[in-house]
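To keep things clear, I will list the structure first and then write my remarks on it.
Only the coordinates and a few stated rules stand behind these numbers; no lab work does. None of the values given here were measured: they were computed from a predicted structure. Cβ placement follows ideal geometry from the backbone for every residue including glycine, while neighbour counts extend to all protein chains displayed.
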Amino acid sequence: MYALTSTQYPEVHTSHFRDFYTAQVKQDAIAISLVKGMRVGRDGPQLISQMIRKNLNLDCSVLIGGNVASDLGNKELSEAVIASSSREMGAIFRKLFQTSYFYVDILQDVAGAEMCGTLKNIVALAVGIVDGLDYGCNAKAVIMRQGLTEMRKFAKTLYPNVRNETFFESCGLGDLIATCLGGRHHTTAEAWTRAWKVCGLGGLPKT
Ligand SMILES: NC(=O)c1ccc[n+]([C@@H]2O[C@H](COP(=O)([O-])OP(=O)(O)OC[C@H]3O[C@@H](n4cnc5c(N)ncnc54)[C@H](O)[C@@H]3O)[C@@H](O)[C@H]2O)c1
Ligand SMILES: O=P(O)(O)OC[C@H](O)CO
């Protein structure tokens, strides 16, 4: 088993990366990405799984869910999906990840699951701003519901074959709720908004 850290992903499109890993990874290896995000370059948007598939010539699955790391570390009940090109491939990875407190479902919509994991962070920023403004539950419900709808529309614009059902799985609605309740994007946006209310834009850090 060979693990890449997220710090290695920005290099994944380079020939250095390809030469280095193809020398070490067996031809019949299979890959799974745990990264939430995508690369948008001059050649257009690319999912992490697409980059791995293209550059390393490996079949690549993804694991995505409402999985705040500290909760998982405490072995609290969590769930995720593994999205793979086939159910057989998903079943291989499920054996690796599923535990008594971490339930893993299998999907065959890799692009849909990965787009969910990427786009939910934007909705979490908006919910953090709403919390920073001390609005109540109604406004947060609006942002989360409309956010999920826009996630689906945007994903389908880029990848027309993504499935509607994917957005109601753990990678979609589940991850959206977890991130909006306790993720770092939400926490950062709330703190930024509270600071803005006190200091105004001039008092905020430039980064
Ligand atoms: N922490 C969680 O609760 C959690 C849960 C589920 C999924 N994930 C996903 O796992 C991945 C890693 O999350 P993490 O919590 O380990 O994040 P982290 O912030 O702890 O680590 C990310 C690392 O990436 C590096 N990095 C960021 N941009 C870079 C760039 N352009 N070039 C080189 N290095 C860069 C940072 O320096 C950092 O070391 C993310 O895709 C995240 O969405 C995290
Ligand atoms: O801390 P965040 O906002 O990156 O969210 C962490 C995970 O993606 C939640 O599933």
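Quarter the surface of the alpha carbon convex hull of the chain and you get the mean projected area, 13.3 square nanometres.
Converting phi to 3J(HN,Hα) with the Karplus coefficients 6.51, -1.76 and 1.60 and the offset θ = phi - 60°, the stretch 189-199 yields 5, 5, 4, 4, 5, 5, 5, 4, 5, 7, 9 Hz in sequence order, with x at every glycine or proline.
With a Förster radius of 25 Å applied to the beta-carbon distance between Ile30 and Ser70, the computed FRET efficiency rounds to 0.30. Given a 10 angstrom Cα cut-off, can you work out which residue in Leu133, Leu107, Leu56 is the most mobile in a GNM of the chain? In this elastic network of the chain, the residue with the biggest mean-square fluctuation among Leu133, Leu107, Leu56 is Leu133. Near Pro160, once Lys and Arg are set to +1 and Asp and Glu to -1 for all other residues with Cβ below 13 Å from its Cβ, the sum equals +3.
Taking 0.36 nm per residue of sequence separation and removing the Cα-Cα distance, the Arg145/Gln98 pair yields an extension gain of 14.0 nm. Efficiency by 1/(1 + (r/R0)^6): what FRET value for Cys199 and Leu133, r their Cβ-Cβ distance, R0 = 25 Å, to the nearest 0.05? After rounding, the FRET efficiency stands at 0.95. In the stretch 6-203, a dipole from Cβ-located charges (positive for Lys and Arg, negative for Asp and Glu) runs towards its positive end, and of Val198, Asn57, His185 it is Val198 whose Cα lies farthest in that direction.
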